[in-house]
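The values are calculated or read from the model by the stated rules, or taken from the named source; none is laboratory data. Owing to the predicted nature of the structure, the values given are computational and were not obtained by experimental measurement. Counting neighbours? That spans all protein chains shown, and the Cβs are built from the backbone with ideal geometry, glycine included. Heads up: the accessible areas ignore ligands, DNA and RNA and are worked out on the full protein's heavy atoms, side chains in. Shrake-Rupley method; radii C 1.70, N 1.55, O 1.52, S 1.80 Å.
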Amino acid sequence: GTFALENGDEALALETALERLEIFRAFGARQLISLSLYELASLLWRQGKFEPLKAMIEESLALAREAGDQAGIARALHFQGRLALRSSDFTAAREFFEQAQAIFLQVGDTTALADIRTELEGLASKVSRD
């Protein structure tokens with residue numbers, strides 16, 4: 001799937017992501033289901049298919065919490081922030097970003113922290129304009 005995406009074959013990447021999700025669901029692997037839902041949502045976001053994303057990310061978050069996967073929780077919260085920002089719910093976006101930031105700080109994910117800080121800065125500029 002990653003190889004397909006890197007080579008511009010989004011259809012194959014989507015097919016592979018769906019197959020992977022189905023396999024992980026069959027085994028009941030919560031943490032891997034959570035990650036697969038996140039990755040699938042990211043792919044759909046790239047394709048501009050926003051409708052199913054909220055439910056996918058909510059399930060990803062719930063499964064990450066059940067599995068005790070802190071990085072997965074932070075990823076899902078970050079994605080929820082992006083969805084809130086997309087719908088101009090700046091208050092919710094800030095809350096999601098700040099929760100994700102705290103967890104990324106705990107797990108030491110400096111790349112994700114940089115992304116969150118950039119989005120928080122962008123959010124601050126949007127709020128100050130409104």
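The table that follows gives values for the structure above.
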quantity: Fraction of accessible area attributable to carbon and sulfur, the chain (%, probe 1.4 Å); calculated: 52
quantity: Heavy-atom surface of the range 65-130, accessible at 1.4 Å and reported per residue (Å²); calculated: 55
quantity: Total charge dipole magnitude, the range 14-101, about the Cα centre, Cβ charges on Lys, Arg, Asp, Glu only, Debye to nearest 20; calculated: 160
quantity: Rounded accessible area of PHE24 (nearest 10 Å², 1.4 Å probe); calculated: 50
quantity: Descending semi-axes in whole angstrom, ellipsoid equivalent of the range 7-93, from the Cα gyration tensor; calculated: 21, 18, 9
quantity: Dipole of the chain, positive end: most advanced residue of THR2, ALA71, LEU123 [Cβ charges, Cα centre]; calculated: LEU123
quantity: Furthest towards positive pole of dipole, PHE27, ALA17, GLY48, structure part the range 1-102, Cβ charges; calculated: GLY48
quantity: Net lengthening on full extension, ALA114/ARG25 (0.36 nm per residue, minus Cα-Cα); calculated: 28.8 nm
quantity: Summed residue charge, Cβ within 15 Å of ALA41's Cβ, Lys/Arg positive, Asp/Glu negative; calculated: +2
quantity: Net charge over other residues, Cβ less than 12 angstrom from the Cβ of ALA74 (K, R count +1; D, E count -1); calculated: -2
quantity: Alpha-carbon centroid distance for the pair the range 1-42 / the range 82-115, whole angstrom; calculated: 23
quantity: Local net charge near THR2, Cβ-Cβ under 14 Å (Lys/Arg +1, Asp/Glu -1); calculated: -4
quantity: Estimated vicinal HN-Hα couplings, Hz - the range 54-64 in sequence order (Karplus 6.51, -1.76, 1.60; Gly, Pro = x); calculated: 4, 5, 5, 6, 4, 5, 4, 4, 4, 5, 4
quantity: Ranked packing of 13-21, 106-114, most packed first, by mean Cβ within 10 Å; calculated: 13-21, 106-114
